[in-house]
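The values are calculated or read from the model by the stated rules, or taken from the named source; none is laboratory data. Bear in mind the structure is a predicted one, so any value in this text is a computation, not a measurement. All Cβ positions, glycine included, derive from the backbone under ideal geometry; neighbour counts span all protein chains shown.
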Amino acid sequence: MRALIAPPVIALIILAIIVSGCATQFPSQQGMEGQGRQQSQSDGSMGTETARSPDQVREAGLQDLDIAMAELDELE
Amino acid sequence: MKHQKAPFQPSLFLSFTWALFLLAAASVASVSIAFAKGGGGGSGSAMAVASPQCDDSGMFVFSKATALRKVIVLQPDGAERELVGEWDSSTFTSEEAELNQSGKHFLRDPSGDQEFTCPGLVFSCRLASLSIKSCRRKAKSLIAEFSLEHGSPEYLLFQLRKQDKKILKFQQGVSSSKELINPKITKSGDSYIFTVDEAPEGLALQISLQPCVGRYYVYSTIVCAADDAGPENAGSGLSGKSEETSRSPNGTPQEIPKETPGSKEKCGGYMGLEDRVRCRLSLREEQEDEYENFYPEECKAMQGSSGPAASADCLKGYRAVQQCWKSPAGPARIACVRKQAALGSIKEEKRKCQALPPAERGSCISGLEKKAHSVIKFRLYNLEEEAEWMMEKGWLSKEDVVSFVVKMEQSKLEYNLAKSKAERKKLIEKAKRDWNGLMDEVEVKQ
């Protein structure tokens, strides 16, 4: 009976080792996709890219300046 | 007969185990096939060289998933050359003037050599060099001697900074400030002579090769010495001698000013704000954090107006917020900046200040205002970085971004000089118009 049970179990263990070895080999290349890109900026700063449309970027910039106006009102 | 436990059924267990084994084998096989088709880094297509491009400045660019330890190219004359350049993730960019020959080249690659064609060197900022030998005032005229190698004088911009900081400009065939009377460039042996028949007093001269702003710092600056003593005391340059002193109009010896080359002052040394901005936008990553390249315009302006201590404090503030660029654009980034500035709710902090004894109230309010204004100005800085982000995505041209950044920097300087809330609000309104104007230029390439 042992002779009947052992081969597939051993084979499964070997396969598990092979599959886990493949998983650790490749993600450093696959994982680069979709991660935030480090970008260089003119004052030595680094930015993180997110998926934004030009309209979203425009709106965000305008909202930010509106908040600046509100802060000036609170301050003075 | 004794009762026996139900016997273990090996056939069922074995079937299950074999089924698992076959399923696992099939999974590994399908993953291997997926990678072989190019889904990961082990495939042939991902290892190949992509998009090799060579231009007439002798620069070579190509992409490859795995960086080569050495980039070696076989040139048309049969010589192999190891290129100087850098890798930026999977893209290699060489220095200029690395591949100067025209014709077929081969990039050595373990995956297979890649053929490409270069047009040959026409002009490279890396090879160009500029040196000002002297600049002298004689009565109202100005005479400067300079050398220029591997460059053409038609691309030179001459800038003269007056004592009141106003800058006069001259570029042959392009533009000339009205205060400069009859500026011209003539060849004199191996040098050039720049003369102006009438120029204002108290000048510093800068000569720069305009196509090279941000590339190899091809410019130089010198203070123009007054020298009414005559040709026997011509000093360095025009007489070919290198003397340490000349004579001032009253006859006393004075040190002949020496040039300051662009390589020493880098982006920060350009006279014009626009050139400084354009230079910084052109920098490679490893150059950006260099002190001379990092000095923010707002802090530079404070050196003259508020003194070195205020300027140093300003620089400290800019450095403190650099870590905030790691936060995504939006509320998270502003929250980071507010934390760095130690600014909580403005209303709450103001209330706390007003609850203090009169003797302490003033400095508390003043401290709060300083923190709040720095966060407000950061929002303008943030828009500059957003503009640069869009340039890197290809949505905006460099010139659009230069123009916008110059406007934001001027707004920050004016903000610092503003005396009232109304003035500051006007500047924020202007920033909104400038931002909308910039966004109208955005083109998303498909």
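The rows are residues; the columns are (1) at negative phi; (2) acidic (Asp, Glu); (3) surrounded by fewer than 20 Cβ atoms within 10 Å (Cβ to Cβ); (4) at pLDDT below 95.
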position: B:Lys140; (1), (2), (3), (4): yes, no, yes, yes
position: B:Ser175; (1), (2), (3), (4): yes, no, yes, yes
position: B:Leu209; (1), (2), (3), (4): yes, no, no, no
position: B:Tyr216; (1), (2), (3), (4): no, no, yes, yes
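Would you tally the residues in the range B:263-311 being at pLDDT below 90, surrounded by fewer than 18 Cβ atoms within 10 Å (Cβ to Cβ) and within 14 Å of chain A (Cβ to nearest Cβ)?
Total satisfying the criteria: 9.
Looking at the range B:360-394 only, could you name the residues that are surrounded by fewer than 16 Cβ atoms within 10 Å (Cβ to Cβ) and away from chain A (no Cβ under 11 Å)?
Those that are surrounded by fewer than 16 Cβ atoms within 10 Å (Cβ to Cβ) and away from chain A (no Cβ under 11 Å): B:Glu360, B:Arg361, B:Gly362, B:Ser363, B:Ser366, B:Gly367, B:Gly394.
With respect to B:Phe13, determine if the residue is assigned to a helix (DSSP H, G or I) and modelled with pLDDT under 70.
yes
Would you call B:Ala48 farther than 30 Å from B:Cys125 by Cβ, at pLDDT 70 or above and touching a helix residue (DSSP H, G or I) at 6+ places or on another chain (Cβ under 6 Å)?
No.
Give just the number: which of (1) within 26 Å of B:Met302 (Cα to Cα); (2) surrounded by fewer than 20 Cβ atoms within 10 Å (Cβ to Cβ); (3) without any contact (Cβ under 8 Å) to a residue 40 or more places away in the chain does B:Met408 not satisfy?
(2)
Find the residue count for the range B:111-130, including only residues that are surrounded by fewer than 16 Cβ atoms within 10 Å (Cβ to Cβ) and touching a residue at least 12 places away in the same chain (Cβ under 8 Å).
Number of matching residues: 7.
Which one is nearest to the chain's Cα centre (by Cα) among residues in the range A:62-76 that are at the interface with another protein chain (Cβ under 7 Å from one of its Cβ atoms), in a helix (DSSP H, G or I) and not small (Gly, Ala, Ser)?
This residue is A:Asp64.
Quick one: in the range B:42-91, of everything that is within 14 Å of chain A (Cβ to nearest Cβ) and in a loop (DSSP other than H, G, I, E, B), which residue is surrounded by the most Cβ atoms within 10 Å (Cβ to Cβ)?
B:Lys64
Yes/no per residue for (1) at pLDDT below 95; (2) closer than 15 Å to B:Glu149 by Cα:
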| position | (1), (2) |
| --- | --- |
| B:Gly103 | no, no |
| B:Gly112 | yes, no |
| B:Phe116 | no, no |
| B:Phe123 | yes, yes |
| B:Arg137 | yes, no |
